[in-house]
1. Restrict the check to segment 55-67 and report whether at least one residue is of a type outside the set (Ser, Thr, Tyr), under 22 Å from Gly206 (Cα atoms), open to solvent by 70 Å² or more (accessible area, probe 1.4 Å) and away from the ligand (no atom under 16 Å from the Cβ).
2. Out of Leu40, Leu24, Leu81, which single residue is more than 16 Å from the ligand (Cβ to nearest atom) and either open to solvent by less than 10 Å² (accessible area, probe 1.4 Å) or outside any loop (DSSP other than H, G, I, E, B) (or both)?
3. Against the conditions (1) within 13 Å of the ligand (Cβ to nearest atom); (2) open to solvent by less than 30 Å² (accessible area, probe 1.4 Å); (3) under 30 Å from Asn121 (Cα atoms), where does Phe13 fall short? Just the number, please.
4. Kindly evaluate Glu18 against the criterion of being more than 13 Å from the chain's Cα centre (by Cα), open to solvent by 70 Å² or more (accessible area, probe 1.4 Å) and within 16 Å of the ligand (Cβ to nearest atom).
5. Condition first: more than 18 Å from Arg133 (Cα to Cα) and not hydrophobic (A, V, I, L, M, F, W, C). Now tell me which residues in segment 91-121 satisfy that.
6. Only residues that are open to solvent by 30 Å² or more (accessible area, probe 1.4 Å) and assigned to a helix (DSSP H, G or I): list them for segment 95-121, please.
7. Please determine, by comparing only the residues of segment 182-196 that are out of contact with any Asp or Glu (no Cβ under 7 Å at 6 or more places or on another chain) and not hydrophobic (A, V, I, L, M, F, W, C), which one is nearest to the ligand (Cβ to nearest atom).
8. Residues that are modelled with pLDDT of 95 or more and open to solvent by 80 Å² or more (accessible area, probe 1.4 Å): find the strands (runs of 3 or more DSSP E) completely inside segment 128-232 holding 1 or more of those.
Amino acid sequence: MNVDFHCHILPCFDDGSESAEMSLEMLAREKEQGIDRVILTSHFYRRHEEQSHFLKRRQRAFDELRRAVEKSGMDVPELKLGAEVAMTRQLRMEDLRPLCIQGTQTLLLELPFAPVGPWLNDVRAIIDKNTVRVVFAHIERFRDVWSKRDFEEIMELPVLKQINTTSVISDGFFRKRQLMKLVEEEKVHILGTDAHNLTKRPVNMGKAVDILVGKGYERQVRKMMKTAELIS
Ligand SMILES: [Fe+2]
């Protein structure tokens, strides 16, 4: 099964899809690109919102999307609710299971776009508590934010790491080579489009998979898809 593990397709919910029509078009692209399951990982910022409020709001957006799908008669991939949970202190104190991908204990965690600081201890505490299975969102995007040493230290943490398909496609020569090494050595484990719309941040799984397979990483791609399937 092919899974898009990270996207912002719920309509009018975050900085992703701007309408139900756009969401349907994005889902059509997912289907065309051979995706069987889409995890709807809308942004959750605990600093700004209570979990309960987020969950109610998300359910309303999901109901709207389901109605639009039914009305259109389209054949879309399996849809599962999730969240891209931005790391913040409060999370350490809270039960994070309601934010996991529906029916699982898998939590997509977005680390801070800031130099490593005390937040790393909070991340470690969440991992050590072991009530959820943490996946770090688009880990490769932090290469510019953290020192090389911090990046390597965080890569050693015993959690799964997701990468964005756009990085596979658009990274420059040296960055791409670095990313391919992580793929080759299986230090990154899951692919997600992080699609937000139809233009600048589109559904582009097909192109990324073609590139990876072209470079000889078909086995790693299959493994990444399998991992995503098993934990979602
Ligand atoms: Fe995202």
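1. Checking segment 55-67: not a single residue is of a type outside the set (Ser, Thr, Tyr), under 22 Å from Gly206 (Cα atoms), open to solvent by 70 Å² or more (accessible area, probe 1.4 Å) and away from the ligand (no atom under 16 Å from the Cβ).
2. Leu24
3. Exception for Phe13: condition (3).
4. Here the answer is yes, as Glu18 does meet what is asked.
5. Within segment 91-121, Pro112, Pro115, Gly117, Pro118 meet the criteria.
6. Arg97, Pro98, Trp119, Asn121
7. Asp194
8. It comes to 133-136.
The values are calculated or read from the model by the stated rules, or taken from the named source; none is laboratory data. Only a predicted model underlies this, so the values are computations on that prediction, with no experimental measurement involved. Reconstructed Cβ throughout: ideal geometry from the backbone, glycine too, with neighbour counts over all protein chains shown. Just so you know, the surface numbers come from the protein's heavy atoms only, side chains and all, with ligands and any DNA or RNA stripped out. Shrake-Rupley method; radii C 1.70, N 1.55, O 1.52, S 1.80 Å.
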